[in-house]
Amino acid sequence: MIIAIIDYGVGNVKSIRNAFENQKAEVILTRERETILKADGLVLPGVGAFSHGMDNLNKFGLVDIIKDFVKTGKPLLGICLGMQMLLEESEEFGNSKGIGLIKGKVVKLPIKQSIQYKLPHISWNEIQSKKIKWENTILDNIEENSDMYFVHTFIAEPNNENEILSVTKYHNHVFCSSIKKENIYGCQFHPEKSSKKGLSIIKNFIKIVKQ
Amino acid sequence: MSENLEALYGLPSEVKFCKKCVISNQRPSSTIEFKNEKGEKKKVINFNEEGICSACVYHEEKDKGINWNEREDKLEKLLSQFRSTDGSYDVIVPGSGGKDSAFTAHVLKYKYGMNPLTVTWAPHLYTDIGWKNMQEWMHTGGLDNMLYTPNGILHKEMTKNAFHNLLHPFQPFIVGQRIIGPAMAKKFGVKLVMYGENQAEYGNAIEENTNPIMNMDFFSSDDEMDMKFGGVSMKEYIDDGKYSKNDFAPYIAPKKKDLIDAGVEVHYLGYYLNWDPQECYYYSVENTGFQANPVRTEGTYSKYSSIDDKIDPFHYFTTLIKFGIGRCTYDAAQEVRNDKITREEAVYLVNKYDTEFPDIYFKEFLEYIDSTEEEFWETVDKHRSPHIWKKEDGEWILRHMVSS
Amino acid sequence: MNKKRIIARIDVKNEHVIKGIHLEGLRKVGNPNEMAKKYYNEGIDEIIFMDAVAAYYDRNSLTEIINRACENVFVPITVGGGIRKIKDIQIALNAGADKIAINTQAVKDPSFLTRASEIFGSQCIVSSIDAKKISENKWEVYVDNGREPTGMDVVEWAKKVEILGTGEIMLTSIDKEGTKRGFDIELYNAISEVVTIPVICCGGAGKKEHIADVISNNGVDAVALASILHYNIESINDLKEFLINNKNNHIRL
């Protein structure tokens, strides 16, 4: 069983790889079509600007490869920017087009930036369930209100409420902190940086890949 | 084969650097300062056949060959001989409130139950941070102090002479500094004087390291009129008409016989405790309110060594001129031996900072020694030994800098 | 509810963790990777590795340490000390760091902060500011690991770095750091009134109460601890429990 992590020059792939290996998965860093399609699971990492991430994905022809992978029904996990790019578009720097696997868009956290409520949102914060039960998902056996590590200014807003796996509150705004649509998963937070509970989420993804 | 270049001060004509630390074989050993006169030959640090200096050899011995528990027992025994029971002072600790004397005095009082009187031979010109640390030593460290400031008119003249005759402006200061401990001990009826570290840590004769007691020759004299200040004898100053013997009261070294009769003993705490200058820094910050210099000290990378006297940088500048090694070399060599930095790092630092000119107090120094900038450089250039310096494109360059 | 972060700051020289006072002194107190692992297992929220002597030797050399740290430590890692070029940032990120702290170079060339934020994203650029008090409510910015004064006012500089694009500020009090006598509370009060990016306080923690005092400020988002952890004065767990139970703070357990 092998999990492919997309290496497209964006994101801390090293940490993700270390986290997966820590949870006993065999991992390969790649952007080759063959390798990706052959893999049993796929991870799309990413940090930074939406447009920059999409530019790189497009440069390497990865958008179609990702879509093709998802069609096979095997599990995909998007992390942080990787999750955001699964949506249709982002309002960051004008309008950028995303991969479009999830209907909805990416917007700036609509809170008033102040001396108490800072942006970027850099902190450990609680995830809570919404419509989807966490059993048998990547959040299987994770306690409600567990703290995960967030570092972002933008958030994903899926059109379909039923695709929201968890929500998180920052200041007076509740936003989507993880998504699930069939075999597609996404975390706004960084499970590979969220200590032991984060590693459990990775373990859960590995379990799902194995099935 | 090196060129046939003249080597002043009787220094070794071939310049070598220790293979373990960064000191050079030109480093002068401690001398009896009031005998220091113009043109005299310098004794220097010893290098063994493997090219390692005696300070490094001593340090190896220190790490492996000394039983520090035994030494501390010796200290307890020594102190119990002198410890007072009637509230009187029982040990004199000379020092300026720098990290070393701060540590020494505080640990003697609060760990070993002694009753120290600290005595300070005043710096020529206190820096703000030096004065602050001195006060904190008393106010935060909880110690008693006598600050002894010699007549500035005479001191300035002696310093001026020392600068121009010996290129050693600190010479008169060192005379007074060495004498004050035993002199105050005798005056107060205290028998024990305790310094911090032994200069032998830095490369004086090895024999001095196995002896906790400072050689009396350093601070006693049987012929005061012959004592030399800035290369000029006391007799000459008096004969010139401006001064009388009264003015020399602070410098008159006690007679050996008098010290022996009074039972005065001068020891080094560095013989009894495993001395680490950096740990003295930590200790003094935590216990005596010591603060490092807010900015890097000129001529080195350090911020906490010797920061109380504005004239101090010129002491090191003159060692650079005469011996080719500046303040950074001294600091770095010590830190290599104490395992704080590696030799490579020391080499880097020396090359970066050693020749930096101490600008900040230059004007004040010139005023203090009543000399013009021209006179300053004239004297400096006269003292550059040809085997250490050469002139290239109108600039003076060191022939040898330490390398990895 | 978002949580305030408890961060371990590990100053490194070669293969040793060192701890100074007033950013001076190189006393060795442990091994960097062992210490990072220990703090991670004990529940630390984040780790900052600072190359303590990069300024002296015109180099930076934490790559190996970060490489190893990422294998065992699954919380965010920030790296700083001697970051002078875009290449230095890339190397550190490739080694596995999540955030990069920049001090001296930002003062020398403020546009460096902007370029770095544009290339790597502001969320991974931390502005490290070392402050020395010069009079009532006035602090001066120092560079080169606390050795060189700049004549700049800390509050003004903090405002500026936010505009330049940095994502976070780590503010160290030179007067307090290493002393274990408490934080310079006024310093953090002054800064937190003027910036809207996260602020990490650093310097002076000696007991739990010190941390409680500074973290209750709404504008403070995190504290970076060194002596109190390296000298085993408080355990991370005891500290966190104290902050939650006694002072009602929002901290991750």
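The values are calculated or read from the model by the stated rules, or taken from the named source; none is laboratory data. Computed from a predicted model, the values in this text were never measured in an experiment. In this analysis, Cβ positions are derived from the backbone assuming ideal geometry, glycine residues included, and neighbour counts consider all displayed protein chains. Surface areas here come from the heavy atoms of the whole protein model, side chains and all, with no ligands, DNA or RNA. Shrake-Rupley method; radii C 1.70, N 1.55, O 1.52, S 1.80 Å.
How large a share of the accessible area of the protein assembly as shown, in percent, is made up of carbon and sulfur atoms when the probe is 1.4 Å and the other protein chains stay in place?
On the way: 15740 of 34030 Å².
Roughly 46 percent of what the probe reaches on the protein assembly as shown is carbon or sulfur.
Hey, got a sec? Which GluC sites (Glu not before Pro) in the stretch C:40-108 land in a DSSP loop and have at most 15 other Cβ atoms within 10 Å? Can you show the working numbers first?
Numbers: sites: C:E42, C:E46, C:E64, C:E71; in loops: C:E42.
For GluC sites (Glu not before Pro) across the stretch C:40-108 that sit outside H, G, I, E and B with at most 15 neighbouring Cβ atoms in 10 Å, the list reads C:E42.
C:I18's amide H: which non-local residues (gap 5+, or another chain) put their own amide H closer than 5 Å, with H modeled 1.01 Å from N in plane and none for Pro or chain starts?
Sorted by chain and number, the residues that satisfy this are C:D11, C:V12, C:K13, C:V29.
Give me the percent relative contact order of the stretch B:105-151, please, defined on Cα pairs under 8 angstrom at least 6 residues apart.
On the way: 39 pairs, mean separation 23.0, N = 47.
That works out to 49 percent.
Rounded, prolate or oblate: which fits chain C when a ≥ b ≥ c are the square roots of the eigenvalues of the alpha-carbon gyration tensor, with rounded for a/c under 1.5 and prolate only if a/b beats b/c?
Numbers: a/c = 1.33, a/b = 1.08, b/c = 1.23.
Since a/c stays below 1.5, the shape of chain C is classed as rounded.
Using a 1.4 angstrom probe on the protein heavy atoms only, could you order B:D222, C:D238, B:D240 from most to least accessible area? Write down the numbers at each step before the final one.
Numbers: B:D222 105, C:D238 85, B:D240 135 Å².
Of B:D222, C:D238, B:D240, the descending order of accessible area is B:D240, B:D222, C:D238.
Measure off 7 Å from each Cα along the Cα-to-Cβ vector at C:L253 and B:K19, then give the distance between these two points in nanometres to one decimal.
Label at C:L253, label at B:K19, 6.1 nm between them.
Could you check the simple spin-label distance between A:K103 and C:K28, using points 7 Å along Cα→Cβ, in nm with one decimal?
Rounded to a tenth, the inter-label distance reads 6.4 nm.
Over chain B, what relative contact order in percent results from Cα pairs under 8 Å that are six or more residues apart? It would help to have the intermediate numbers written out before the result.
Numbers: 703 pairs, mean separation 89.7, N = 404.
Here the relative contact order equals 22 percent.
Determine the distance separating the Cα centre of the stretch A:87-138 from the Cα centre of the stretch B:263-306; give it in Å without decimals.
56 Å
For a quick check of your reading of the filter: which GluC sites (Glu not before Pro) in the stretch A:127-211 sit in a DSSP loop and have no more than 12 other Cβ atoms within 10 Å?
Working: sites: A:E135, A:E143, A:E144, A:E161, A:E163, A:E182, A:E192; in loops: A:E135, A:E143, A:E144, A:E182.
In loop regions of the stretch A:127-211 (DSSP not H, G, I, E or B), the sparsely surrounded GluC sites (Glu not before Pro) are A:E135, A:E143, A:E144, A:E182.
Could you run the numbers on buried accessible area between A and C, total for both chains, 1.4 angstrom probe, in Å² to the nearest 100?
Values: alone 9860 and 10940 Å², together 17930 Å².
That pair of chains buries around 2900 Å² in total.
Alpha carbon centre of the stretch C:81-116 versus the stretch B:32-104: separation in Å?
46 Å
Taking chain A as a Gaussian network, where each spring joins two C-alpha atoms under 10 Å apart, which residue of A:Y170, A:Y117, A:Y185 fluctuates the most?
Sorting by GNM fluctuation, first place goes to A:Y117.
Within the stretch C:123-150, which residues have the backbone N less than 11 Å from the label spot 7 Å out from B:D128 along Cα→beta-carbon, could you tell me?
Within reach of a label on B:D128: C:134-135.
How much area per residue is accessible in the stretch C:1-138 when the probe is 1.4 Å and only protein heavy atoms are counted (Å²)? Intermediate results must be reported in sequence, preceding the final value.
Details: 4530 Å² over 138 residues.
Accessible surface, normalised per residue, equals 33 Å².
Beyond 26 Å, what share of the Cα-Cα pairs of the stretch C:56-169 remains, rounded to the nearest whole percent?
Tail of the P(r) past 26 Å holds 20 percent of the pairs.
With a ≥ b ≥ c the root eigenvalues of the C-alpha gyration tensor of chain A, is it rounded (a/c under 1.5), prolate (a/b larger than b/c) or oblate? Each step should come with its number before you reach the end.
Numbers: a/c = 1.56, a/b = 1.20, b/c = 1.30.
Judged from the Cα gyration tensor, chain A comes out oblate (a/c at least 1.5, b/c at or above a/b).
By the gyration tensor of its Cα atoms, with a ≥ b ≥ c the square roots of the eigenvalues, what is the shape of the stretch B:312-404: rounded for a/c under 1.5, prolate for a/b over b/c, or oblate?
Numbers: a/c = 2.66, a/b = 1.52, b/c = 1.75.
Oblate.
Between B:E298, B:E224, B:E49, where does the largest GNM mean-square fluctuation fall for chain B, given springs only between Cα atoms within less than 10 Å?
B:E49
Leaving out ligands and nucleic acids, and using a 1.4 Å probe, what accessible area per residue does chain B come to in Å²?
Working: 17170 Å² over 404 residues.
Each residue of chain B exposes 43 Å² on average to a 1.4 Å probe.
If contacts are Cα pairs under 8 angstrom and at least 6 residues apart, what is the relative contact order of the stretch B:211-254 in percent? Kindly include the intermediate steps, with their values, before the conclusion.
On the way: 23 pairs, mean separation 16.4, N = 44.
RCO, the stretch B:211-254: 37 percent.
At 25 °C and a viscosity of 0.890 mPa s, what translational diffusion coefficient does Stokes-Einstein give for the protein assembly as shown, taking Rh as the Kirkwood radius over Cα pairs? Give it in µm²/s as a whole number. Present the calculation step by step, with values, prior to reporting the outcome.
Details: Rh = 30.5 Å.
Result for D is 81 µm²/s.
Mind listing, in residue-number order, the residues in the stretch B:259-281 that have at least 30 Å² less accessible area with every protein chain present than in their own chain alone (1.4 Å probe)?
In the stretch B:259-281, residues shielded by partner chains: B:Q278, B:E279, B:Y281.
So which residues of the stretch C:121-148 lose at least 40 Å² of accessible area, probe 1.4 Å, when you go from the chain by itself to every protein chain present?
Buried on complex formation: C:Q123, C:R147.
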